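Structure record follows, encoded as structure tokens.
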């Protein structure tokens, strides 16, 4: 059975900073939230994926598993992280899934294969810009996806 999936998007909720081996919290401004758009999961008999890229084509998807019905909202995430030490070199940025893309019922989507682009230094005001792309994968269990909005949570770790 083909089900229409309303929206698959992620909300960035958690930020961890590694600075001198201590964790700190900073503010996050979502210039653009990572959004996988609207599509139909037409086949969940195997793991199928849709990828939002930070460069190249804006997205790619497995045509055996998905039918894209509205790609106008598909976009990579663009986040400003503030309250950081000014003019400080950034050694690396790591993005991980905290909670999968899920709704009130039915199977969820796992986010993985994160693509990250970031500034090399914080600005004089202590802001770092981080762009995020990712892959969302179906469960592959054969269970139909419910027509609903799916949201999840990512963690961005900035290492100085």
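Within the range 123-146, whose backbone N sits under 20 Å from a point 7 Å along Cα→Cβ of residue 89?
123-130
How are the alpha carbon pair distances in the range 3-159 distributed across 10 Å bins from zero to the largest one, expressed in percent?
Here the calculated profile for the range 3-159 is 11, 41, 28, 15, 5, 0.
Sort 118, 48 so that the residue with the fewest other Cβ atoms within 10 Å of its own Cβ comes first and the one with the most comes last. If you can, show how the numbers build up before the last one.
Numbers: 118 18, 48 21.
Ascending number of Cβ neighbours within 10 Å: 118, 48.
Give me the percent relative contact order of the range 3-159, please, defined on Cα pairs under 8 angstrom at least 6 residues apart. Walk me through the numbers on the way to the answer.
On the way: 458 pairs, mean separation 54.9, N = 157.
35 percent.
Run the numbers for residue 149 and residue 82: contour at 0.36 nm per residue of separation, minus the present Cα-Cα distance, in nm.
21.2 nm
Any read-out appearing in this document is the output of simple, stated calculations on the displayed coordinates, not a laboratory observation. Fair warning: this is a prediction, and the values are worked out from it, not measured in the lab. Heads up, the Cβs are rebuilt from the backbone with ideal geometry, glycines too, and the neighbour counts pull from every protein chain shown.
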